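Single-structure report; data block below.
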Protein chains: 2
Amino acid sequence: MGKITMADVAEKAGVSKSTVSQFLNKRYHYMREDTRTRIEEAIKELNYQPNYLARSLKQKRTSTVGIIVGNIMHRFSTEVSRAVEDYFIQHDVHTIVCNADNNPEKEKKYIEMLRAKQVDGLIIFPTAPNLDIYQQLIRENYPVVFMDRKLSGLKAPLVASENNEATWSAIQHFIDQGHERIAIVTEPLTISTRLERRDGYKQALEENGIEIKPDFLVSAEIKQIQQELEKLFAIESPPTAILAGNDLLLIEVLKFAKEKNLKIGEAFALIVFDNIPFAHLVDPPVTTIKQSSYLMGERAAELLLKQINNQKIEALEMRFPCELIIRDSSKRLK
Amino acid sequence: MGKITMADVAEKAGVSKSTVSQFLNKRYHYMREDTRTRIEEAIKELNYQPNYLARSLKQKRTSTVGIIVGNIMHRFSTEVSRAVEDYFIQHDVHTIVCNADNNPEKEKKYIEMLRAKQVDGLIIFPTAPNLDIYQQLIRENYPVVFMDRKLSGLKAPLVASENNEATWSAIQHFIDQGHERIAIVTEPLTISTRLERRDGYKQALEENGIEIKPDFLVSAEIKQIQQELEKLFAIESPPTAILAGNDLLLIEVLKFAKEKNLKIGEAFALIVFDNIPFAHLVDPPVTTIKQSSYLMGERAAELLLKQINNQKIEALEMRFPCELIIRDSSKRLK
DNA sequence: TTGTAAGCGTTATCAT
DNA sequence: ATGATAACGCTTACAA
């Protein structure tokens, strides 16, 4: 016997397919008690499992959404997708998480695949090269929410951190601690998030009348970071404070410090953008800029669900503040 | 205009649906050059996207698999799912990752949902209460691979670490470093992984003629760990070495040490089961037992794909060795 | 209160 | 070399 279908249940219960369907969709309104129990029993006995594929095909909605994250290795991405899943599961919507690995080609593939699977909407950490695809989605009125990065010209909701302000206050904190030679390390300035962080950095220095030294603006691929840090510390007056642009960069900075025998908090002060699970447990504890990842995920999910249900969206751009959690690593150097 | 379907393409190209379908499935055998190009153009112009739902319904396979991990907050789970995804995407199969949160109820829901979505197979980190569900899957000949945990009586492939042996050699290493009062901290002994680790621990002590003290066998929920550690260090002769059973437990041990001002490597030595991204960067660097998570994920995926393609599977139980990476935290105390 | 039948967007069989 | 037509398993008017 092949897979059990609704027809099998109907036959066993001695009713028609539509009645079984009514039952499954809890439209008992006018159903006689005994038909109900007969169907119930038939389902039990046959161990019938409905086929969502068929149902979705008919209903033209899958109760499934997709989220395409930039790089799943970032703690931020994991936290956001957890929030999105938690939100949707409470609304009986399933979430498929895809990892674009910051690769526009992969991202494009995933968008196509998810749309082919007829997901009802998409949350995307966008990359500039795929701008036209996003425009197309929006033109089609397809439900979509962008996350973390801003691409100008996109008329769709965006949920992101206040990167500029957050970085500004981290740098201001460094300055308050007496630092003047402050470096910022980011991945290549190809996405808005990184640009905004760099801008916040510049702004803070300018407001404090500190010259901006190009040498202190380090931007490179993760693989190149070690050699960039070498250069950074080879200059005449190396920085006394470093802001690491995200968690993966922190690992690089720590690795560099370890190899060069530079002690954090002594050789240089350190702040990292992102929540780091071990930040408070290492020695010295690391000062972090915490993003509201969970809240942001929830908000994005909510905005997506609204679109799916054809509800109006208030604002297109939703910025979330970050929290500077000051620990020993950013204190005045001994 | 609603969504573009194959019928629209057919009409535009002046051919029948079947011809378009042939084209899409690359059966050009007998197709005239000009029909081909006409179809190609129609697809471009209309921006046609196929509907996998309809196709899957007809073909009775979705080219999608599911993986249900025990708890996504473990690094191990993340690494395994990455491997599974990477493997399947190369075989044009999509992967849906679900997080059971070590909750059998959630797990059950996910299994039902994934089967309703007609996924072609499942990789599961199983939990004992759902044994009957697994048995049912196997009875139906549904492709399934179990991961990480062994449930007896399941006639389906299992991919897991050599937990016993790995723990044994970690404890032996402690003993070689002169430790005799060695504690092991695990989550509740409800799954085989934890039992196997405890057994390896006992075995190593026994072989070295060291008495097994019940006080040194700490098993509790993460939330209770702090108070259990309190008790552990309140006894007359507290341990000089601790094996943390996984990455989440490591965080608890570090938190405890920090609060009590116990320095790792001085107050007690430490080894942790699992790969920890920061292990080599903290002070002191932490000795870890590294599981072959990526390899295991690949192997599980391969075994699943074989089943989906009705190929024979050689062995049912596949154990992977772990690597003890010795760093400063497990050295002889100063 | 329940049944009939059409249709969702494909693929597959068989004609032509 | 291409087309008609019947599935796939479900939902939903509408009929009874």
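In the set B:GLY153, B:GLY121, which member is away from chain A (no Cβ under 12 Å) and either within 16 Å of DNA strand C (Cβ to nearest atom) or out of contact with any Leu (no Cβ under 7 Å at 6 or more places or on another chain) (or both)?
Answer to the selection: B:GLY153.
Quick test of your reading of the structure: A:CYS98 fulfils all but one of (1) outside any strand (DSSP E or B); (2) touching a strand residue (DSSP E or B) at 6+ places or on another chain (Cβ under 8 Å); (3) within 13 Å of chain B (Cβ to nearest Cβ); (4) not β-branched (Val, Ile, Thr). Name the failing condition by number.
Condition not satisfied by A:CYS98: (1).
Kindly establish whether A:ARG55 is free of Cβ contacts under 8 Å to residues at least 24 places away in the same chain, over 30 Å from A:ILE289 (Cα atoms) and either more than 11 Å from DNA strand D (Cβ to nearest atom) or assigned by TED's automatic domain parsing to the domain that holds A:LEU250 (or both).
On the way: free of Cβ contacts under 8 Å to residues at least 24 places away in the same chain: yes; over 30 Å from A:ILE289 (Cα atoms): yes; either more than 11 Å from DNA strand D (Cβ to nearest atom) or assigned by TED's automatic domain parsing to the domain that holds A:LEU250 (or both): no.
No; evaluated as a whole, the condition is false for this residue.
For segment B:288-298, state whether one or more residues are crowded, with 18+ Cβ neighbours inside 10 Å, modelled with pLDDT under 95, out of contact with any Ser or Thr (no Cβ under 7 Å at 6 or more places or on another chain) and not small (Gly, Ala, Ser).
no
Give me a count of the residues in segment A:58-74 that are of a type in the set (Gly, Ala, Ser) and under 9 Å from the mean Cα position of the chain (by Cα).
Pass one, segment A:58-74, residues of a type in the set (Gly, Ala, Ser): A:63, A:66, A:70.
Among the residues that remain, those that are also under 9 Å from the mean Cα position of the chain (by Cα) are: A:70.
Of the residues in segment A:58-74, 1 are of a type in the set (Gly, Ala, Ser) and under 9 Å from the mean Cα position of the chain (by Cα).
Here are B:ALA279, B:ALA257: which of them is more than 9 Å from chain A (Cβ to nearest Cβ) and either of a type in the set (Gly, Ala, Ser) or free of Cβ contacts under 8 Å to residues at least 60 places away in the same chain (or both)? Walk me through it before giving the result.
Values: B:ALA257 fails: more than 9 Å from chain A (Cβ to nearest Cβ).
None of the others qualify; the one that does is B:ALA279.
Inspect segment B:200-220 for any residue being part of a helix (DSSP H, G or I), of a type in the set (Lys, Arg) and closer than 21 Å to B:GLU323 by Cα and give the result as yes or no.
Yes: one or more hits.
Here's the yes/no breakdown for (1) within 16 Å of DNA strand D (Cβ to nearest atom); (2) outside the structural domain of B:MET147 (by TED's automatic domain parsing); (3) of a type outside the set (Asp, Glu):
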| site | (1), (2), (3) |
| --- | --- |
| B:GLY14 | yes, yes, yes |
| B:THR19 | yes, yes, yes |
| B:ARG38 | yes, yes, yes |
| B:LEU46 | no, yes, yes |
| B:MET73 | no, no, yes |
| B:THR78 | no, no, yes |
| B:ASP92 | no, no, no |
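Could we say that A:GLU40 is acidic (Asp, Glu), within 16 Å of DNA strand C (Cβ to nearest atom) and either assigned to a loop (DSSP other than H, G, I, E, B) or within 11 Å of chain B (Cβ to nearest Cβ) (or both) here? Lay out the reasoning, then the answer.
On the way: acidic (Asp, Glu): yes; within 16 Å of DNA strand C (Cβ to nearest atom): yes; either assigned to a loop (DSSP other than H, G, I, E, B) or within 11 Å of chain B (Cβ to nearest Cβ) (or both): no.
Taking the combined requirement at face value, the residue does not satisfy it.
For A:GLY70, state whether it is buried (at least 20 other Cβ atoms within 10 Å of the Cβ), modelled with pLDDT under 95 and away from DNA strand C (no atom under 14 Å from the Cβ).
Yes; evaluated as a whole, the condition is true for this residue.
If B:ARG27 satisfies all but one of (1) within 12 Å of DNA strand C (Cβ to nearest atom); (2) outside any loop (DSSP other than H, G, I, E, B); (3) more than 12 Å from every other protein chain (Cβ to nearest Cβ), what's the number of the condition it fails?
Among (1) within 12 Å of DNA strand C (Cβ to nearest atom); (2) outside any loop (DSSP other than H, G, I, E, B); (3) more than 12 Å from every other protein chain (Cβ to nearest Cβ), the lone unmet condition for B:ARG27 is (2).
The values are calculated or read from the model by the stated rules, or taken from the named source; none is laboratory data. This one's a predicted model, so the numbers in the text were calculated from it and none came from an experiment. Counting neighbours? That spans all protein chains shown, and the Cβs are built from the backbone with ideal geometry, glycine included.
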